[in-house]
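The values are calculated or read from the model by the stated rules, or taken from the named source; none is laboratory data. Small disclaimer: the values here were computed from a predicted structure and weren't measured. When we count neighbours, we look across all protein chains shown, and the Cβ atoms used for this are built from the backbone with ideal geometry, even at glycine.
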């Protein structure tokens, strides 16, 4: 199958709008760091990875338990459907996920991989002990902070995490590549897909990612601030999650930006589509995400003659195209992103497209693509409340007091 990505969006931009966007991008690109992720080789040493993960590359290891959140895990989630091992993504200390993982895995058939760049992520640090107590084996991805000290104390092998923006770094560093490699995902093909993608998208000239960022920027100028994604394949939901994080966390600063949201499709046709077609206009713009050749796919048997004999994904893709057309008919600016198949090469191209688009959009909005200065506010509040052992009633009273000052005469 051909390695492809196709992007269709309406309304179509004219050449002047595209050239205006290129000029803004060219003007703003030197204000912030160059995009390190355009270079797929600087931070990955596959020989080093292979050498230092030999102890878990056995048939005895059936489960890869990844303790990570945000940029530390989102790239792996985009590739999770390609794994030959069972991946358990543990993104916090929510008891249901932890208990479910512990019930389905054993210390002798699993590897636990905690991931954190700064090492102070409470969601990760709070879960290490429960697996340690049960005797699970560990392989850490860490460089500094509390988590690094914990892993050193227990004698855990540790591979480095470079000090780079996590949401952009997962695909080109140990963060995403090590757990993918251990899960028997073809990381060589994935990296080749990334390279192919950036060869197309990284030239600061007219290309698919830059054009799509210009489309989003022109929507933004008309008041569209919410991008609602509709992934018509389970295999694309991880990539859609990466898109949601990147567009929200990268553009959303300096009182600017767009927020990404998503619900799996076609179920979202039965829960959100009525609003998109008939609700408030001028705020939300949808993106439909599809695959041309799903893997695996099934041939349907049906008493409905126009369904019988078609593949399951064919029916889903007809629904996607019909929804896309309905949105356009109702005057809703919409886009469809499609890849040929969800194998490693195409997933690399897709992630390169996502990251390039967000990067260019940040330059168009004149914001720093790599920063997220406000995220630390809630983390500091949480850590202090835990240290002071403030109970829930007192936390509520604190919120009420703050709200009275911040929202005086709001309504």
So which residues in region 273-298 are touching a residue at least 24 places away in the same chain (Cβ under 8 Å) and touching a strand residue (DSSP E or B) at 6+ places or on another chain (Cβ under 7 Å), if there are any at all? 276, 283, 284, 285, 286, 287, 288, 289, 290, 291, 292
Looking at region 401-409, can you tell me whether even one residue there is surrounded by 13 or more Cβ atoms within 10 Å (Cβ to Cβ) and out of contact with any strand residue (DSSP E or B) (no Cβ under 7 Å at 6 or more places or on another chain)? no
Those residues that are farther than 16 Å from residue 352 by Cβ and in contact with a helix residue (DSSP H, G or I) (Cβ under 6 Å, 6 or more places away or on another chain), I need them from region 182-199; list them, please. 182, 185, 186
Any hit, region 343-363, residues being within 22 Å of the chain's Cα centre (by Cα), in the same structural domain as residue 313 (by TED's automatic domain parsing) and either at positive phi or not in a helix (DSSP H, G or I) (or both): yes
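State which residue is nearest to residue 359 (Cα to Cα) when the search covers only region 228-242 and only residues that are in contact with a strand residue (DSSP E or B) (Cβ under 6 Å, 6 or more places away or on another chain) and buried (at least 23 other Cβ atoms within 10 Å of the Cβ).
240
Does at least one position in region 153-163 carry a residue that is part of a helix (DSSP H, G or I), surrounded by 24 or more Cβ atoms within 10 Å (Cβ to Cβ) and not assigned by TED's automatic domain parsing to the domain that holds residue 247? Steps first, please.
Our first condition is that a residue be part of a helix (DSSP H, G or I); within region 153-163, this holds for 153.
This time we only want the ones that are surrounded by 24 or more Cβ atoms within 10 Å (Cβ to Cβ), so: none.
No, region 153-163 contains no residue that is part of a helix (DSSP H, G or I), surrounded by 24 or more Cβ atoms within 10 Å (Cβ to Cβ) and not assigned by TED's automatic domain parsing to the domain that holds residue 247.
Out of the residues in region 209-251 that are outside any helix (DSSP H, G or I) and without any contact (Cβ under 8 Å) to a residue 60 or more places away in the chain, state the one that is farthest from the chain's Cα centre (by Cα).
The first filter runs over region 209-251 and keeps only residues outside any helix (DSSP H, G or I), leaving 222-233.
Okay, now just the ones that are also without any contact (Cβ under 8 Å) to a residue 60 or more places away in the chain, so 225-226, 228, 231.
Numbers: 225: 19, 226: 17, 228: 14, 231: 13 Å.
The qualifying residue farthest from the chain's Cα centre (by Cα) is 225.
Would you mind listing the helices (runs of 4 or more DSSP H) fully within region 10-113 where at least 3 residues are in contact (Cβ under 8 Å) with a residue 12 or more places away in the chain and closer than 30 Å to residue 334 by Cβ?
In region 10-113, 15-28, 74-79 are the helices (runs of 4 or more DSSP H) which contain 3 or more residues that are in contact (Cβ under 8 Å) with a residue 12 or more places away in the chain and closer than 30 Å to residue 334 by Cβ.
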Of (1) crowded, with 18+ Cβ neighbours inside 10 Å; (2) at pLDDT 95 or above; (3) within 30 Å of residue 108 (Cα to Cα), residue 37 satisfies all except one. Which? (3)
Taking residue 179 as meeting all but one of (1) in contact with a helix residue (DSSP H, G or I) (Cβ under 6 Å, 6 or more places away or on another chain); (2) surrounded by fewer than 20 Cβ atoms within 10 Å (Cβ to Cβ); (3) outside the structural domain of residue 29 (by TED's automatic domain parsing), write down the number of the exception. (2)
Verdict on residue 172 being crowded, with 18+ Cβ neighbours inside 10 Å and outside the structural domain of residue 276 (by TED's automatic domain parsing): yes
If residue 63 passes every condition in (1) closer than 26 Å to residue 239 by Cβ; (2) surrounded by 15 or more Cβ atoms within 10 Å (Cβ to Cβ); (3) under 21 Å from the mean Cα position of the chain (by Cα) but one, which one does it miss? (3)
